[in-house]
Amino acid sequence: MQIDSHFDKIQGKTLATLQQDKDHQTLLLNKDVSFLNKALLRSLLHKVEKNSTLVIDASKAQFIDHDIQETLVNFLKTAVDDNITVNMCGFSEEQISDMNSATVDPH
């Protein structure tokens, strides 16, 4: 069941989708996720239920902007406080390396 998504009218595609699966939620990142999508990503991440499991799937994303990676890092570091288990798939080794070296934005 789809919880929320964002459709870009200019580019004619869905940029990101949050959906409820049987035992977890999935955040699907589509094609190119630029800094312009940062507010959207934060909005979708705020909808993730406490005490749940979230799968962040970047298998369809060809490009993930550094600002988006920082937003994901911030979420990963605070998810523990809400008892959210996060599983990541579809990220390149370079993207994971970038996220491991990112700093957390205090906002």
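Here, each number is a calculation from the coordinates, and none is a lab measurement. Nothing here was measured: the structure is a model prediction, and the numbers come from that model. Note: ideal-geometry Cβ built from the backbone for every residue, glycine included; neighbour counts use all protein chains shown.
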Whole-Hz Karplus ³J(HN,Hα) for segment 53-69, in order, using 6.51 cos²θ - 1.76 cosθ + 1.60 and θ = phi - 60°, x for Gly and Pro? 10, 10, 9, 9, 10, 10, 5, 9, 7, 8, 9, 10, 4, 4, 4, 5, 4
Residues whose placed amide H lies under 5 Å from that of Val86, excluding near-sequence neighbours: Leu54
Computed label-point distance, nm, for sites Glu93 and Lys22 using a 7 Å Cα→Cβ extension: 3.4 nm
